[in-house]
1. Tell me which GluC sites (Glu not before Pro) from the stretch 78-142 have a DSSP coil assignment and no more than 12 other beta carbons within 10 Å of their own.
2. Between GLU96 and SER25, what is the FRET efficiency for a Förster distance of 35 Å, r being their Cβ-Cβ separation, to the nearest 0.05?
3. How far, in degrees from 0 to 90, does helix 53-63 lean away from the longest principal axis of the Cα atoms of the chain, to the nearest 10?
4. Given the rule -39500 (n - 2.57) for each run of at least 4 DSSP H residues, summed and divided by the residues of the chain, what is its mean residue ellipticity at 222 nm, to the nearest 500 deg cm²/dmol?
5. What angle do you read, to the nearest 10 degrees and between 0 and 90, between the alpha-carbon axis of helix 83-102 and the longest principal axis of the chain?
6. Grab every C-alpha pair in the chain, bin the distances at 5 angstrom width from 0 up to the longest one, and report whole percents.
7. What's the exposure ranking of LYS107, LYS125, going from fewest to most Cβ atoms within 10 Å?
8. Can you sort LEU98, LEU19, LEU62, LEU122 by how many other beta carbons sit within 10 Å, fewest first?
Amino acid sequence: MAVHRIAPGVTLDDEVLELEGIRASGPGGQNVNKVSSAVSLRLDLAHVSGMDAAMRARLVALAGRRVTAEGVLVMKAQSQRSQLANREDALGRVLELLRAAAVAPRKRVPTRATAGSRRRRLDSKRRRSLVKRQRGDAGEDG
């Protein structure tokens with residue numbers, strides 16, 4: 001079995017993955033009723049070593065409904081015709097999801113508008129105000 005490196009200090013061992021062959025849905029003729037070519041991969045997030053609470057929260061947000069209330073990530077793969085290819089696809093998608101969750105978002109550094117941009121904005125507002133003021137009632141002649 002292999003150990004997958006997700007990020008520095010975060011690893012995933014293949015032994016904690018539960019793989020189950022299931023029947024694929026959709027078209028496929030008689031073969032679809034006989035062969036379990038689709039794969040359901042289950043990963044208990046508690047078994048991912050080195051994952052902190054922030055990474056777990058990002059993962060749950062990214063995975064959405066694929067994480068159960070018990071904290072188990074369920075990935076289903078059925079796009080390929082062979083079970084082996086679907087296993088690789090499911091594992092690849094899980095690793096991709098874990099790597100995306102491992103990257104913490106950069107903190108936004110607040111910036112200030114330049115003096116020129118503030119001046120241009122206020123000038124534009126004054127011009128627009130003048131145009132709207134001049135649209136008013138024409139007076140007694142109108």
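FYI, it's all coordinate maths here, none of it is from the lab. Just so we're clear, the structure is a prediction, and the values are computed from it rather than from any experiment. Note: ideal-geometry Cβ built from the backbone for every residue, glycine included; neighbour counts use all protein chains shown.
1. Working: sites: GLU88, GLU96, GLU140; in loops: GLU140.
Those that pass, being in a loop and sparsely packed, are GLU140.
2. Numbers: r = 23 Å, r/R0 = 0.66.
Calculated transfer efficiency: 0.95.
3. 90
4. Values: 4 runs with 55 residues, N = 142.
Calculated mean residue ellipticity at 222 nm is -12500 deg cm²/dmol.
5. Compared with the principal axis, the helix lies near 40 degrees.
6. Computed distribution, short to long bins: 2, 8, 13, 13, 11, 8, 6, 4, 4, 4, 5, 5, 6, 4, 3, 2, 1, 0, 0.
7. Values: LYS107 5, LYS125 10.
With the fewest neighbours first, LYS107, LYS125 line up as LYS107, LYS125.
8. Values: LEU98 24, LEU19 17, LEU62 14, LEU122 10.
So the ranking, lowest neighbour count to highest, is LEU122, LEU62, LEU19, LEU98.
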